[in-house]
Amino acid sequence: MFDVEAIRRQFPILHQQINGKPLIYFDNAATSQKPRQVLEALMHYYTTMNANVHRGIHTLAEKATEAFEATREAVAKMINAPSKEQVVFTRGTTESINLVAATYGRAFLRQGEEIIISAMEHHSNIVPWQMICQEKGAVLKVIPINQAGELLLEEYEKMLSPRTRLVAVMHVSNALGTVNPIAEIVRLAHQQGAVVLVDGAQAAPHYAIDVQALDVDFYVFSAHKMYGPTGIGILYGKRHLLEAMPPYMGGGEMIKEVTFQQTTYNDIPYKFEAGTPNISDAVAMKAAVEFVQQTGFQTIAAHESQLLAYATQTIADIDGIRIIGTAKEKASVLSFVIDGVHPMDVGMLLDAKGIAVRTGHHCAMPLMNYFGIAGTVRASFAVYNTKEEIDVFAKELRKVAHALR
Ligand code: PMP
């Protein structure tokens with residue numbers, strides 16, 4: 001039996017009052033809260049083993065390196081990567097995408113070739129591709145969506161051609177909750193010889209990801225949305241691609257040998273990890289991986305899907321409400337507008353009641369333009385949220401809608 005109270009007890013931050021009310025944290029798609037085991041891992045790292053990783057021969061350096069590499073191993077297992085060398089530490093999803101755009105893009109993208117993204121992408125999966133397309137004279141194409149917020153796969157299929165070099169799509173939409181059919185997207189891209197990068201920022205917290213089953217070429221995500229610390233994230237890549245890609249940043253760690261005439265680069269993943277990495281957060285990320293694995297992805301997804309269904313149904317009859325994102329397959333995100341009411345006003349009045357939601361364009365301005373809106377109110381759920389919280393949220397939202405309309 002799933003015991004949400006037992007889960008909640010592991011999250012110290014949840015047990016506080018905000019503006020005189022018990023905190024209801026529904027901004028999980030922006031960043032999730034952290035369980036005690038992650039906080040303790042950080043403290044443990046700094047109080048027992050802090051040292052710079054790799055190359056050190058003293059005991060602390062060895063301990064720190066072991067802990068750092070243990071996370072790489074744990075992440076590789078979690079996403080079923082064939083080897084831990086294919087797991088590169090970055091600052092997060094944004095840096096992972098920029099890394100691929102800058103290195104793969106710079107080395108292999110030719111004038112007139114095409115990159116395909118989708119109409120629902122986060123700015124971090126739009127702008128890096130725009131930048132590299134501009135630099136290389138390549139063309140950015142956009143898979144359209146329907147009013148439910150689903151990709152039009154037949155349009156995507158028509159768009160693919162031998163000119164397509166890379167397809168970059170999100171697994172789960174942060175603004176709509178749509179779950180995209182990644183395996184099918186990959187299969188179609190591969191038929192044309194294109195590689196696929198998947199932005200898994202919103203999928204990794206909810207689903208067991210199997211990079212081999214999906215056959216993705218690159219898969220990227222951030223620890224902070226999956227109960228881990230900020231400032232650390234993952235780039236998974238197929239070995240032959242990572243090996244063929246030039247380095248991203250130059251500096252220590254990413255080299256084998258340096259002379260003033262010439263430098264040879266380190267093997268993967270270190271080729272992409274110049275400088276002192278974010279060791280402490282990488283080490284603590286292992287505790288986050290263990291948290292989701294101990295809780296179980298099936299349990300997490302089942303609980304969140306119940307919360308989403310319950311919340312959707314509970315707010316549906318509020319006057320003037322329109323849910324943005326009604327895809328058949330959705331995860332954990334409830335985005336909506338109330339006719340005649342500014343999302344920011346809703347957010348502010350809910351905050352006065354201790355309820356944290358996100359309002360605005362959710363870093364998806366082109367998507368908001370498609371729906372003809374400036375932004376939405378977004379409630380996004382995590383494994384520690386409850387039906388009772390949704391009841392309070394719905395009651396307060398009803399009052400807010402009534403007051404503002
Ligand atoms: N992609 C998606 C779908 C996201 O939701 C986010 C975070 N809002 C990002 C990318 C960027 O992640 P980060 O800020 O951790 O780099």
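The values are calculated or read from the model by the stated rules, or taken from the named source; none is laboratory data. Only a predicted model underlies this, so the values are computations on that prediction, with no experimental measurement involved. We place every Cβ from the backbone using ideal geometry, glycine too, and count neighbours over all the protein chains shown. The protein model used for the area step is the full one, side chains on, heavy atoms only, and it has no ligands, DNA or RNA in it. Shrake-Rupley method; radii C 1.70, N 1.55, O 1.52, S 1.80 Å.
So how many residues does segment 227-247 have that are part of a loop (DSSP other than H, G, I, E, B) and more than 15 Å from the ligand (Cβ to nearest atom)?
Residues of segment 227-247 part of a loop (DSSP other than H, G, I, E, B): 227-232, 238, 245-247.
Okay, now just the ones that are also more than 15 Å from the ligand (Cβ to nearest atom), so 238, 245-247.
The qualifying residues number 4.
In contact (Cβ under 8 Å) with a residue 12 or more places away in the chain, open to solvent by 20 Å² or more (accessible area, probe 1.4 Å), among the acidic types (D, E) and in the same structural domain as I209 (by TED's automatic domain parsing), is that true of E85?
Values: in contact (Cβ under 8 Å) with a residue 12 or more places away in the chain: yes; open to solvent by 20 Å² or more (accessible area, probe 1.4 Å): yes; among the acidic types (D, E): yes; in the same structural domain as I209 (by TED's automatic domain parsing): yes.
In short, yes.
Figure legend. Inter-residue proximity from segment 16-34: first residues in the same structural domain as K225 (by TED's automatic domain parsing) and more than 16 Å from the ligand (Cβ to nearest atom), second residues in a loop (DSSP other than H, G, I, E, B) and modelled with pLDDT of 95 or more, beta-carbon distance below 6 Å, spacing 6+ or different chains. No pairs are indicated.
Which residues, taken from segment 362-405, are closer than 24 Å to Q33 by Cβ and in a loop (DSSP other than H, G, I, E, B)? Those that are closer than 24 Å to Q33 by Cβ and in a loop (DSSP other than H, G, I, E, B): H362, C363, A364, G375, F381, A382, V383, Y384, N385, T386.
Taking the stated definitions as given, is N369 polar (S, T, N, Q) and farther than 27 Å from I182 by Cα?
Working: polar (S, T, N, Q): yes; farther than 27 Å from I182 by Cα: no.
It is false that N369 is polar (S, T, N, Q) and farther than 27 Å from I182 by Cα.
Being more than 24 Å from G231 (Cα to Cα) and either at pLDDT 95 or above or open to solvent by less than 50 Å² (accessible area, probe 1.4 Å) (or both) is the requirement here; does L308 meet it?
Numbers: more than 24 Å from G231 (Cα to Cα): yes; either at pLDDT 95 or above or open to solvent by less than 50 Å² (accessible area, probe 1.4 Å) (or both): yes.
Judged against the criteria, L308 is a match.
Tell me, please, whether a residue that is within 17 Å of A201 (Cβ to Cβ), away from the ligand (no atom under 16 Å from the Cβ) and in contact with a Leu (Cβ under 9 Å, 6 or more places away or on another chain) can be found in segment 101-112. No, the conditions are met nowhere in segment 101-112. Please work out if H224 is open to solvent by 10 Å² or more (accessible area, probe 1.4 Å) and within 12 Å of the ligand (Cβ to nearest atom). It is true that H224 is open to solvent by 10 Å² or more (accessible area, probe 1.4 Å) and within 12 Å of the ligand (Cβ to nearest atom).
Kindly indicate the residue of segment 26-52 that is hydrophobic (A, V, I, L, M, F, W, C) and either touching a Pro at 6+ places or on another chain (Cβ under 7 Å) or within 12 Å of G228 (Cα to Cα) (or both) and also least open to solvent (accessible area, probe 1.4 Å) among those meeting that condition.
The first filter runs over segment 26-52 and keeps only residues hydrophobic (A, V, I, L, M, F, W, C), leaving 26, 29-30, 38-39, 41-43, 49, 51.
Those still in the list that are either touching a Pro at 6+ places or on another chain (Cβ under 7 Å) or within 12 Å of G228 (Cα to Cα) (or both) too: 38-39, 41-42.
Working: V38: 2, L39: 77, A41: 20, L42: 45 Å².
The selected residue is V38.
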